[in-house]
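**Student:** Structure in structure tokens, see below.
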Amino acid sequence: MLLAAFAGGLFACNDQPTKTEEPQARQVAQYSIEQFYKSTNVGGGAISSDDKKLLVSSNESGIYNAYEIDITSGSQKALTSSTKESVFGNDYVPGGTSFIYSSDKGGNENDHLFLQRPDGTTKDLTPGAKEKAIFFGWSRDNKSMYYQSNKRDPRFFDLYKMDTTTWKPNLLYKNDNGYDVGALSDNERYLALVQTITTSSTNLYLADQQTKQTKLINNDSTPSSNAPLQFSLDNNTLYYLTDDGSEYQYVVKYDIPTGKKEKLYSTNWDVMYMYLSYNEKYRVIGVNEDGKNKIYIFDHKTGAAVDFPKLDDGDVQGVNISRSENKMRLTVGNSKSPNNIYVYDFGTKELKKLTNTLTPEIKEEDLVPAEIVRYKSFDGLDIPAIYYKPQQASANNKVPALVWVHGGPGGQSRAGYFSLIQYLVNHGYAVLAVNNRGSSGYGKTFYKMDNRNHGEKDLQDCVWGKKYLASLPYIDSTKIGIIGGSYGGYMTLAALSFQPDEFKVGVDIFGVANWLRTLKEIPPYWESFRKALYEEIGDPNTTDTVRLKQFSPLLHASNIKKPLMVLQGANDPRVLKIESDEVVEAVKKNNVPVDYVVFPDEGHGFLKKENEIKGYGQILSFLDKHLKGDTTKAKLN
């Protein structure tokens, strides 16, 4: 996604690119885009009050809807049947089977919160025409829902409380200055507020609703990233993440009465989350270890590790423990299958898989595992990357390749599953998903390396990713393209504009073409992030415009001479459709082949299967024509 902002940094490694022993090449069945999208994406997993059901979101029907899974039998039933707008389940209303879900209009990101009752009737709880609402949890007595909304001021999110009898909102915190609520104590006395300074530094404040005093928690003498996690059950402790004095994020325990800080958990990777169960029996910590989340479970009172079954090749995306503290839901992915939902029973020690998201029409052994590699960039910096090698590739059957660039700035390519990548690899394209400087997950030094430098050194990292691919004996070095979405789309356009001889083709998926316009037209609810964004990329209202013009691909599109494909959602509030419209028109003037696909019912990211099938299927056709050419499959050794 465009402009995801969480910490990342420097990772040292050996001088040579890391490689595993080459498996013997073999032909595999090739699957259609329709087959790949018969697989299902599933997420969420709120546990019902009686520990019997899970509320999940799934695109099984072709569009995201809310589903309920019976934990004992594994049976699943649809709770919503939307055919137009995506529906994402948030949580059951405590004590019953009513639930809250969120949904926007065609990807415009103005999400509303809806109540659906057992009889199927629904109520829009946040009906403002331009309102964006975010579910924030339940009160300790289970009688009220918390949520954030920008209905009062489209720039900022206030915190509201809504009782579950009348469903009428009550304003708890009025946000007039961009100090966003990150956590609320159970007694509602304390708020943890976040002030964004830059994309790599934030201030954390403790607001006391009783004394009306607000206190800065972090050390203000050195910039650091600080993010609240949650308050303790007794309301006397705030847990938060910080990278103060460290390359990596770690957990701090802050004692409110005394102001004492204690480092609770740290490692040589970023801690991504810490989660305390309802009555604080368990502490779950998720660590981003080289592109995959690993979890560690502790007895919160004693600090002793809790035995837990090993998850091979598992990337634990999320965790939720039931209020009874008897069951834990895990959302787990790997590189060869979409995320699956598991439930762990703390009493029986059973880890149960409740979903099988990969379509049975595809054999998992025909897909390829993600491999972690590192290569040197132009200045000797080690660049981490996720690599996918086609099984049919060999020195006698050289294959074309793609440099894949993630969103952001500040995102991270991870060793997870994406149908489009596996589809392309299955059809004979090697894919190197680079984590160029500026990516998160590798320490804060690495994360800040592309500040005010987008389109230069980060682009060189991509070019040197191409050089790494070209060095592999089974890659056709004359047939390497670049592809990416959002910020990765910008990098694609930048590559074709500023390094026009490097890549043979480019695929831009809703990428920034004109920084001046994008930075001025950000959504209103990004106001608290605006200054940080300008600090990293440039302020379009100052002399920064010189550099922004210099590195806006649209203004240099006359340099583009290699075939380009562009995909865009018409309702995208982050990268406006006009960005793609204008770059397509500009490239057409160069008499360069351009394919343009626009979805009228999508935003910043494609959620409907029919659109993914159409758009991603056309990507393969474009690459087969302009990158692979007429090359026929050579025989294997």
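Only the coordinates and a few stated rules stand behind these numbers; no lab work does. The shown structure was predicted, so the numbers you read here are calculated from the model rather than taken from an experiment. Cβ sites come from the backbone with ideal geometry, for glycine too, and all protein chains shown count toward neighbours.
**Student:** Tell me, what is the FRET efficiency for N396 and K589 to the nearest 0.05, using R0 = 30 angstrom and their Cβ-Cβ distance as r?
**Tutor:** Efficiency for this residue pair is about 0.10.
**Student:** Quick check on my link table: of K589/K625; K448/K531; K398/K448; K376/K614, which ones sit more than 25 Å apart, alpha carbon to alpha carbon?
**Tutor:** K398/K448; K376/K614
**Student:** On to the next question. How far apart, in nm, are the 7 Å Cα→Cβ label points at D379 and T211?
**Tutor:** 4.6
**Student:** Could you name the lysines in cross-link range of K174, using Cα to Cα under 19 Å and dropping any fewer than eight places away on the same chain?
**Tutor:** Cα-Cα hits under 19 Å: K130, K132, K151, K161, K212, K215.
**Student:** If we sort 285-292, 383-390 on the protection proxy, mean other Cβ atoms within 10 Å, highest first, what's the order?
**Tutor:** Values: 285-292: 20.6, 383-390: 25.2.
Final packing ranking: 383-390, 285-292.
**Student:** Work out how much length D312 to K353 would gain on full extension: take 0.36 nm times their residue separation and subtract the Cα-Cα distance, in nm to one decimal.
**Tutor:** Gain in length upon complete extension: 13.4 nm.
**Student:** For region 369-479, what is the convex hull (Cα atoms) projected area averaged across all directions, in square nanometres?
**Tutor:** Numbers: hull surface 26.6 nm².
Over every viewing direction, the Cα hull of region 369-479 projects on average to 6.6 nm².
**Student:** Here's another thing I want to ask about it. Sorted by mean Cβ packing within 10 Å, highest first, what order do the peptides 131-141, 215-225 take? The partial results should precede the final answer.
**Tutor:** On the way: 131-141: 17.7, 215-225: 15.6.
Packing order, densest peptide first, comes out as 131-141, 215-225.
**Student:** Using alpha-carbon pairs under 8 Å, 6+ residues apart, how would you state the relative contact order of the chain in percent?
**Tutor:** 14
**Student:** What list do you get for S277, S61 if you sort them by fewest beta carbons within 10 Å?
**Tutor:** If I rank by nearby Cβ atoms, fewest first, I get S61, S277.
**Student:** While we're here: With N set to the number of residues, divide the alpha-carbon radius of gyration of the chain by 2.2 N^0.38 Å and report two decimals.
**Tutor:** Ratio of Cα Rg to 2.2 N^0.38 Å: 0.95.
**Student:** Which value at 222 nm does the chain reach when only helices count, each DSSP H run of 4 or more adding -39,500 (n - 2.57), with the total divided by all residues and rounded to the nearest 500 deg cm²/dmol?
**Tutor:** -4000 deg cm²/dmol
**Student:** Between region 323-348 and region 73-118, what is the C-alpha centre distance in whole Å?
**Tutor:** About 21 Å separates the Cα centre of region 323-348 from the one of region 73-118.
**Student:** For region 144-159, just list the computed ³J(HN,Hα) in residue order, Karplus coefficients 6.51, -1.76 and 1.60, θ = phi - 60°, integers in Hz, with x standing in for Gly and Pro.
**Tutor:** 9, 10, 9, 7, 10, 8, 10, 5, 6, 9, x, 7, 10, 9, 8, 9
**Student:** Hey, with R₀ at 35 Å, roughly what FRET efficiency would D501 and S266 work out to, going by the Cβ-Cβ distance, to 0.05?
**Tutor:** 0.15
**Student:** Which whole number in µm²/s is D for region 172-272 by Stokes-Einstein, with the Kirkwood Rh taken over Cα pairs at 37 °C and 0.692 mPa s? Before the final figure, lay out the partial values.
**Tutor:** On the way: Rh = 13.7 Å.
Translational diffusion coefficient: 239 µm²/s.
**Student:** Quick one: what are the phi-derived ³J(HN,Hα) couplings along region 375-389, Karplus 6.51/-1.76/1.60 with θ = phi - 60°, whole Hz, x for glycine and proline?
**Tutor:** Once rounded to whole Hz, the list reads 9, 7, 8, 4, 9, x, 5, 6, 10, x, 8, 10, 10, 10, 9.
**Student:** Need the list of lysines near K349 for cross-linking: C-alpha distance under 18 angstrom, and skip anything on the same chain fewer than eight residues off.
**Tutor:** K349 reaches K52, K281, K310, K327.
**Student:** Tell me the Kirkwood hydrodynamic radius of region 389-544 in angstroms, computed as one over the mean inverse distance between distinct C-alpha pairs. Could you put the intermediate results ahead of the total?
**Tutor:** Details: mean 1/r = 0.0611 Å⁻¹.
Kirkwood hydrodynamic radius for region 389-544: 16.4 Å.
**Student:** Moving on to the next point. How high is the FRET efficiency between D153 and K520 when r is their beta carbon distance and R₀ equals 25 Å, given to the nearest 0.05?
**Tutor:** The pair D153/K520 has a calculated efficiency of 0.80.
**Student:** Then there's this: Tell me, Kirkwood radius of region 40-178 from alpha-carbon pair distances, in Å?
**Tutor:** 15.6
**Student:** To continue, here is another question. Identify all aspartates and glutamates with a Cα-Cα distance to K143 below 16 Å; exclude those on the same chain that are fewer than 8 residues away in sequence.
**Tutor:** List returned: D91, D163, D186, E188.
**Student:** Oh, and also: Using only the Cα atoms of region 256-389, build the gyration tensor, take square roots of its eigenvalues as a ≥ b ≥ c, and label the shape rounded, prolate or oblate: rounded if a/c is under 1.5, else prolate if a/b is larger than b/c, else oblate.
**Tutor:** It is oblate, given that a/c is not under 1.5 and a/b is not larger than b/c.
**Student:** Between beta-carbons, use under 9 Å as the cut-off and find the net charge around I321, counting Lys and Arg +1, Asp and Glu -1.
**Tutor:** That sum, taken over residues with Cβ under 9 Å, equals +3.
**Student:** Suppose a student asked you for the relative contact order of region 235-332, using Cα pairs under 8 Å spaced at least 6 residues apart; what percent would you report?
**Tutor:** RCO, region 235-332: 17 percent.
**Student:** Under the definition of Cα pairs under 8 Å and six or more residues apart, what whole-number percent is the relative contact order of region 40-178?
**Tutor:** Relative contact order for region 40-178 comes out at 12 percent.
**Student:** Let me ask another. Going by the alpha-carbon gyration tensor, a ≥ b ≥ c the square roots of its eigenvalues, is region 322-427 rounded (a/c under 1.5) or, if a/c is not under 1.5, prolate (a/b greater than b/c) versus oblate?
**Tutor:** Oblate, because a/c is 1.5 or more while a/b does not exceed b/c.
**Student:** Let me ask something else. What distance in nm lies between label points placed 7 Å from Cα along the C-beta direction at D124 and K77?
**Tutor:** Inter-label distance under the simple model: 2.8 nm.
**Student:** Given points 7 Å out from each Cα along the Cα-Cβ axis, report the Q550 to Q24 separation in nanometres with one decimal.
**Tutor:** Reported label-point gap for Q550 and Q24 is 5.5 nm.
**Student:** For G74, what is the net charge nearby, where nearby means another residue's Cβ is under 11 Å from its Cβ and Lys, Arg count +1, Asp, Glu -1?
**Tutor:** In short, +1.
**Student:** Mind listing the long-range amide H neighbours of Y265? Cut-off is under 5 Å, sequence gap 5 or more, other chains count too, H placed in the peptide plane at 1.01 Å from N.
**Tutor:** Long-range HN contacts for Y265: V251.
**Student:** If we sort 462-469, 403-410, 251-258, 119-126 on the protection proxy, mean other Cβ atoms within 10 Å, highest first, what's the order?
**Tutor:** The densest-packed peptide leads the list: 403-410, 462-469, 251-258, 119-126.
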